[in-house]
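Here's the structure we're looking at; comments come further down.
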Amino acid sequence: MNLLFVTSTRIGDAVLSTGLLDHLIRRHAGVRVTVACGAAAAPLFAALPGLERVLPMDKRPGLAHWVQLWLATATQRWDVVVDLRGSALAWLLRADTRHVWRKPSGEAHRVVQLARVLGLDAPPAPRVWLEPAHHAAARRIVPDGDAVLALGPSTSWPGKQWPLERFATLAQRLTARDGLLPDARIAVFAAADERAATAPLLAALPRERTIDAIGAGGLLEIAAALQRCRFYIGNDSGLMHLAAASGVPTLGLFGPSDDRHYAPWGAQGAVARTPLSYAELVARRRADPAERLMDTLDVERVHEAASALGRRCGLERVPSLRLAQGSA
């Protein structure tokens, strides 16, 4: 069976679509998969079972990117085409079955919305496909030792950025002797081009317990490294969704983005959001696009949410990587 799977340009949305792809692979033994997605998200699918090829697709003037994708796929007959971009592409290809995204209404999470494209009642959870090489790289990024608190302080635009000094204060409270993760190491994750913006956080953390994971690897190496962490806290971003899909207890920080649709998915995910609602912050952004929209989210509110999630996930039972090497 030949499957064409067209998913998002953005990393976070592409991660959320992986559960749907996993469902199709499990349902159709021996399926041959072609994935079309944004270039930034393309590495996410490198270890996908049954992968034939990945077609990186980024927006170009007019419809040039869609024409390019059609030229790359039109010569083949497809058993199934899944288009999560809601384009006309599926109807221009020779295909036996087509599943095309239609913009939904209501407040359902994005994972639930995606499941409806295939008519699934039980939404399949996002996942990450890894190989031994990714785990080997992860051991270099996050070496064996005490438990690790992972931080994701970056985001795609400044309005979603929680202040770095609050990340530092929170991390030190959570890793204090009486904290949720006593004496834990603190790993800071960000893309290589975000180092300058993230450097003040590294400088504010205790050097002897800090792991600099900025630009430390590709998406799959970072996913494997996140699996070696005990807990993740970060802004609403693709990295946050990658952490949740990797099975790490994940606390997402929300303000001017809608956690009803984009909260970390799964039983080990939770949200700390600003006292102001999403709608109120959208209105503020329209009035002043430069306003910092996460400033009303204080450290105490995030600490309470982290502590509640930590207790729910039983973090105190597995204190270090010396005792649990489940990602090896």
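Checking ALA14, ALA47, ALA40 one by one, the residue that is closer than 23 Å to SER257 by Cβ, in the same structural domain as TRP70 (by TED's automatic domain parsing) and surrounded by fewer than 19 Cβ atoms within 10 Å (Cβ to Cβ) is ALA40 and no other.
Please go through the range 258-271 and pick out each residue that is among the charged types (D, E, K, R) and within 14 Å of the chain's Cα centre (by Cα). Even if it seems obvious, please write down each step before you answer.
So in the range 258-271, the residues among the charged types (D, E, K, R) come out as 258-260.
ASP259, the sole residue that qualifies.
Those helices (runs of 4 or more DSSP H) of the range 1-91 in which 1 or more residues are closer than 21 Å to ALA125 by Cα and touching a strand residue (DSSP E or B) at 6+ places or on another chain (Cβ under 6 Å) occupy 11-16, 18-27. Any residue in the range 172-191 that is under 22 Å from ALA223 (Cα atoms), charged (D, E, K, R) and assigned to a strand (DSSP E or B)? Yes - at least one qualifying residue is present in the range 172-191.
Here are some residues: GLY152, GLY179, GLY159, GLY215. Which one is free of Cβ contacts under 8 Å to residues at least 40 places away in the same chain and surrounded by 17 or more Cβ atoms within 10 Å (Cβ to Cβ)? Don't jump to the end; show me each part of the working.
Numbers: GLY152 fails: free of Cβ contacts under 8 Å to residues at least 40 places away in the same chain; GLY159 fails: free of Cβ contacts under 8 Å to residues at least 40 places away in the same chain; GLY215 fails: surrounded by 17 or more Cβ atoms within 10 Å (Cβ to Cβ).
Going through GLY152, GLY179, GLY159, GLY215 in turn, just one is free of Cβ contacts under 8 Å to residues at least 40 places away in the same chain and surrounded by 17 or more Cβ atoms within 10 Å (Cβ to Cβ): GLY179.
The residue of the range 242-261 that is surrounded by the fewest Cβ atoms within 10 Å (Cβ to Cβ), among those that are under 17 Å from PRO153 (Cα atoms) and out of contact with any strand residue (DSSP E or B) (no Cβ under 8 Å at 6 or more places or on another chain), is PRO256.
Can you find even one residue in the range 274-284 that is in contact with a strand residue (DSSP E or B) (Cβ under 9 Å, 6 or more places away or on another chain) and in contact (Cβ under 8 Å) with a residue 12 or more places away in the chain?
Restricting attention to the range 274-284, the residues satisfying the condition of being in contact with a strand residue (DSSP E or B) (Cβ under 9 Å, 6 or more places away or on another chain) are 274, 278.
Next, only the ones that are in contact (Cβ under 8 Å) with a residue 12 or more places away in the chain stay: 274, 278.
For the range 274-284, residues in contact with a strand residue (DSSP E or B) (Cβ under 9 Å, 6 or more places away or on another chain) and in contact (Cβ under 8 Å) with a residue 12 or more places away in the chain: present.
Number of residues in the range 182-193 that are farther than 15 Å from ASP146 by Cβ and surrounded by fewer than 20 Cβ atoms within 10 Å (Cβ to Cβ) equals 3.
In the range 272-328, the residue that is nearest to the chain's Cα centre (by Cα) out of those that are modelled with pLDDT under 85 and of a type in the set (S, T, N, Q) is SER327. Any chance the range 212-228 includes a residue that's polar (S, T, N, Q) and under 21 Å from THR155 (Cβ atoms)? Checking the range 212-228: not a single residue is polar (S, T, N, Q) and under 21 Å from THR155 (Cβ atoms). Count of the range 111-146 residues, restricted to those that are within 30 Å of ILE214 (Cα to Cα) and out of contact with any Pro (no Cβ under 9 Å at 6 or more places or on another chain), is 20.
Do we have any residue at all in the range 194-206 that's closer than 22 Å to ASP144 by Cβ, small (Gly, Ala, Ser) and either in the same structural domain as LEU297 (by TED's automatic domain parsing) or modelled with pLDDT of 95 or more (or both)? Show your work before the answer.
Within the range 194-206, the first condition is being closer than 22 Å to ASP144 by Cβ, and the residues that meet it are 202, 205-206.
Of the ones still in play, those that are also small (Gly, Ala, Ser) are none.
Within the range 194-206, none of the residues are closer than 22 Å to ASP144 by Cβ, small (Gly, Ala, Ser) and either in the same structural domain as LEU297 (by TED's automatic domain parsing) or modelled with pLDDT of 95 or more (or both).
In the range 229-241, the residues that are under 9 Å from SER154 (Cα atoms) form Cβ pairs under 7 Å with partners that are among the aromatic types (Phe, Trp, Tyr) and part of a loop (DSSP other than H, G, I, E, B), at six or more places apart or across chains, as follows: ASN235/TRP162. If you go through the range 131-149 and keep only what is surrounded by 19 or more Cβ atoms within 10 Å (Cβ to Cβ) and not in a helix (DSSP H, G or I), you end up with VAL142, ALA147, VAL148, LEU149.
The values are calculated or read from the model by the stated rules, or taken from the named source; none is laboratory data. All figures in this text were calculated on a predicted structure; none of them were measured in a lab. With ideal geometry, Cβ positions are generated from the backbone for all residues, glycine too; neighbour counts draw on all protein chains shown.
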